[in-house]
Amino acid sequence: MMGSQPDGIASNVQLAVGPHGDAGGSYQLWGTSNSYIELPNDGGLDTMYSLSLVMWLLPEGQDGPVFNYRRSGAWAVHLWINGGNLFFRLANRNDVMANALTSPVNWGQWIYVGASYDYSTGIARLWIDGTQVKQSSLGVFTLSTFTNVRLGVKGSDNRYFKGRIARVQVYSIPLNREQYLAVKTRGQG
């Protein structure tokens, strides 16, 4: 992670080739209960109001959590592969879930993913490879983003993400298309 956020804590992951053929440019998660990265949240990941998640993702044929606030128990804000779809769902600070935004993904191919929520408008968006694939008006609420984040595993669920993840970025603003494309190469090299 860039900025003042503490480094993630890796469990049974391996460096792998990244989205542009860069050696060691991604993390391989194995789709098992002990293969994950935990991101401590000392407040740097608590966006509370607006949010943008941006990352490169290579799903390898198994549903599971890609980016999940709250490592187990009740649901919080999360981005998953679910039923072969990219699945973005928001929750408020009282654990009330909003409707999910979903879009099909191709297994075994790198995709550039963005998911956002705009507190001022109540609109959530889902982006894949530079194209907005979903938009939904969910209403205005504060986000459940105050806990640690896990990539790959949610302790109270037996689905585990299998694939590669690279260049995870979290912003406390809703990125527009130009901003989303502008950060595409951040962290590369």
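The values are calculated or read from the model by the stated rules, or taken from the named source; none is laboratory data. Every value quoted in this text rests on a predicted model; they were computed, and no experiment measured them. When we count neighbours, we look across all protein chains shown, and the Cβ atoms used for this are built from the backbone with ideal geometry, even at glycine. To get the accessible areas, we keep the full protein, side chains included, count just its heavy atoms, and leave off ligands, DNA and RNA. Shrake-Rupley method; radii C 1.70, N 1.55, O 1.52, S 1.80 Å.
So the values come out like this:
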read-out	value
One residue from GLN28, GLN14 being polar (S, T, N, Q) and surrounded by fewer than 16 Cβ atoms within 10 Å (Cβ to Cβ)	GLN14
Failed item, numbered, when ASP46 is tested on (1) free of Cβ contacts under 8 Å to residues at least 60 places away in the same chain; (2) out of contact with any strand residue (DSSP E or B) (no Cβ under 8 Å at 6 or more places or on another chain)	(1)
Residue pairs meeting the criteria (Cβ under 6 Å; at least 6 apart or on separate chains; first farther than 11 Å from PHE67 by Cα, in the stretch 144-172; second buried (at least 17 other Cβ atoms within 10 Å of the Cβ) and of a type in the set (Lys, Arg))	THR147/ARG70; GLY155/ARG71
Test: THR131 is free of Cβ contacts under 8 Å to residues at least 40 places away in the same chain and more than 16 Å from the chain's Cα centre (by Cα)	yes
Selection within the stretch 37-88 - touching a Phe, Trp or Tyr at 6+ places or on another chain (Cβ under 6 Å), open to solvent by 40 Å² or more (accessible area, probe 1.4 Å) and of a type in the set (Phe, Trp, Tyr)	TYR49
From the options ALA100, ALA115, residue that is surrounded by 17 or more Cβ atoms within 10 Å (Cβ to Cβ) and free of Cβ contacts under 8 Å to residues at least 24 places away in the same chain	ALA100
